[in-house]
1. Excluding A:ALA224 itself, what net charge comes from residues whose Cβ is under 10 Å from its Cβ, given Lys and Arg +1 and Asp and Glu -1?
2. With the cut-off at 1.5 for a/c, could you classify the range A:1-117 from its C-alpha gyration tensor as rounded, prolate or oblate?
3. Loop-only check: which trypsin sites (Lys or Arg not before Pro) in the range A:189-260 are DSSP coil with at most 14 other Cβ within 10 angstrom?
4. With all pairs of different alpha carbon atoms counted, what Kirkwood hydrodynamic radius in Å does the protein assembly as shown show?
5. If you keep only loop residues by DSSP, which GluC sites (Glu not before Pro) in the range B:21-82 have at most 13 other Cβ atoms within 10 Å of their Cβ?
6. Within 10 Å of each candidate Cβ there may be at most 14 other Cβ atoms; applying that plus a DSSP loop requirement, which GluC sites (Glu not before Pro) in the range A:93-124 survive?
7. Rounded to the nearest 0.05, what FRET efficiency do A:ALA316 and A:PHE364 give with R0 = 35 Å and r taken as the Cβ-Cβ distance? Could you check?
8. In whole Hz and in residue order, list the ³J(HN,Hα) couplings for the range A:191-199 that follow from phi through the Karplus curve 6.51 cos²θ - 1.76 cosθ + 1.60, θ = phi - 60°; x for Gly and Pro.
Amino acid sequence: MERILILGGGVGGTIVANLVGRKLRHWVDSGQVSVTVVDRLGAHVYQPGFMYITFGGERPERLQRPERSLLDSRVQLVVGEAVAIDTVSRAVRLETGEWLGYEHLVLATGSRIVPQEMEHFEDEAHHFYSAEAALRLRSALDSFTGGRIVIGIAGMPYKCPPAPLEVAFLLEAELRQRGLREDSEIDFCSPIGRAFTIESVSEMATEQMIEKGITLHTFFNVEAIDPERRVVQSLEGEELAYDLLILVPPHRGAQVLIDAGLAPAPGGWLPTDRQTLEVVGQTGVYALGDATDLPLSKAGSTAHFEAPVVAERIAAAVEGRPPEELQATYNGRVMCFFEIGDGKGTLLRFDYDHPPEPPRPNRFWHLGKLVFNKTYWHTVPRGRV
Amino acid sequence: MIEQVGNQTAHVVDARGSYCPGPLMELIRTIRAAPVGEVICVRSTDRGSRVDIPKWVEKAGHRLVDVAERDGFDEIVVEKTH
């Protein structure tokens with residue numbers, strides 16, 4: 001039997017499993033191929049929803065579903081944590097000590113947040129990169145009565161590059177609605193020389209920041225927190241005082257990838273071919289989503305568009321045919337919504353060869369994001385769109 | 001990926017086609033994890049990188065080694081100094 005093993009039941013792992021299960025249905029049904037997903041929690045979490053726990057009344061329980069409920073019946077699910085990968089004998093060891101062999105391996109292990117890597121982060125800073133943290137931030141905002149709020153980025157790469165700006169806009173709108181705006185200052189720290197990496201979006205965002213009175217600090221990469229003076233310090237040598245601090249925490253790839261020698265420490269991002277998505281130097285091992293070292297947004301959308309490439313390459317290998325070139329080549333496609341606040345949004349859509357040309361912010365794209373949030377469970381993980 | 005760039009060995013960051021997070025973010029990410037003295041070469045198809053990256057390098061106090069135009073992309077070489 002030919003075994004396809006997928007580590008991670010997030011967006012990328014789930015779509016690859018469902019697509020491969022369908023493409024190879026006759027092989028699976030006749031017992032010649034197995035498709036197995038290994039997931040630590042056995043639960044699929046819709047992470048873009050975390051921000052809406054803080055700002056949109058979303059509830060954590062609505063952002064999580066059993067992974068089994070999203071998988072094709074041909075796909076097996078093992079709930080457990082992979083703790084070792086042996087690429088020579090082609091097997092993965094689980095924390096229980098059980099080994100799972102494979103002929104084809106997909107590493108969709110995502111990224112993890114490591115706020116503990118920055119001293120004082122956990123005591124001083126809020127974030128919105130987990131349901132618990134988003135709830136804590138909600139609670140801190142509920143008791144906020146005015147003062148200086150600093151929003152910054154404490155490590156790269158991080159999930160969803162537009163998220164900190166979206167939070168700045170949503171926060172500003174909330175403070176205005178609660179009558180606290182005149183008693184508050186909002187400072188936004190951008191790691192680069194403008195508000196956002198994409199110039200046209202940056203221009204749009206800068207206009208909005210001027211209009212909304214949000215102060216932009218450029219080239220401010222958060223490096224340290226001084227809790228006694230209540231200041232945040234930058235890699236570039238500047239500092240800002242805060243009453244409420246909201247920081248994107250540092251992120252890392254999965255520890256098991258570093259331990260297996262597949263991804264370099266300290267980051268833990270897998271060296272990945274930008275078109276085939278094969279892990280460099282590892283025939284038959286693929287990576288997608290946050291786990292890769294590709295210079296792309298760490299976002300579900302990236303994994304979503306990468307998954308068909310991995311599925312086609314594996315299906316072709318099993319069937320002993322060359323992969324369909326168009327389906328089996330990733331062109332860098334990413335598409336995501338961007339909240340501007342006040343019920344408006346825009347859309348970022350690009351690939352390796354085409355920069356984004358986002359439309360003017362409008363209600364349509366804000367509603368588009370809300371609709372996407374609701375319909376996600378029925379479409380994306382199942383590989384229907 | 002380590003490669004020979006000009007007459008020195010450099011950690012190459014291939015950020016061609018990167019719009020989000022973009023070449024400068026990729027450089028900052030790499031430089032934060034690199035040892036002092038490491039030379040980093042960013043490849044970028046974003047014309048803004050020729051301006052943005054040297055500006056950040058100056059502000060952050062690192063050393064700009066070279067900015068060169070290659071076949072369809074720019075190559076910006078930076079040394080981490082502290």
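1. Details: positive: none; negative: A:GLU119, A:GLU223, A:ASP226, A:GLU239.
Every neighbour counted, the sum reads -4.
2. Working: a/c = 2.69, a/b = 1.51, b/c = 1.79.
It is oblate, given that a/c is not under 1.5 and a/b is not larger than b/c.
3. On the way: sites: A:ARG194, A:LYS212, A:ARG229, A:ARG230, A:ARG252; in loops: A:ARG194, A:ARG229, A:ARG230.
Qualifying residues, ordered by number: A:ARG229.
4. Details: mean 1/r = 0.0436 Å⁻¹.
Result for the protein assembly as shown stands at 22.9 Å.
5. Values: sites: B:GLU26, B:GLU38, B:GLU58, B:GLU69, B:GLU75, B:GLU79; in loops: B:GLU38.
Hits after loop and neighbour filter: nothing returned.
6. On the way: sites: A:GLU95, A:GLU98, A:GLU103, A:GLU117, A:GLU119, A:GLU122, A:GLU124; in loops: A:GLU95, A:GLU98, A:GLU103, A:GLU119.
Listed in order of number, the matching sites are A:GLU95, A:GLU98, A:GLU119.
7. Values: r = 39 Å, r/R0 = 1.11.
Given R0 = 35 Å and the Cβ-Cβ separation, E is 0.35.
8. Once rounded to whole Hz, the list reads x, 10, x, 8, 5, 8, 4, 7, 4.
The numbers here are math on the coordinates, done by the rules we state, and not lab data. Remember, predicted model here, so these are calculated numbers, not experimental data. Every residue, glycine among them, receives a Cβ derived from its backbone with ideal geometry; neighbour counts consider all protein chains shown.
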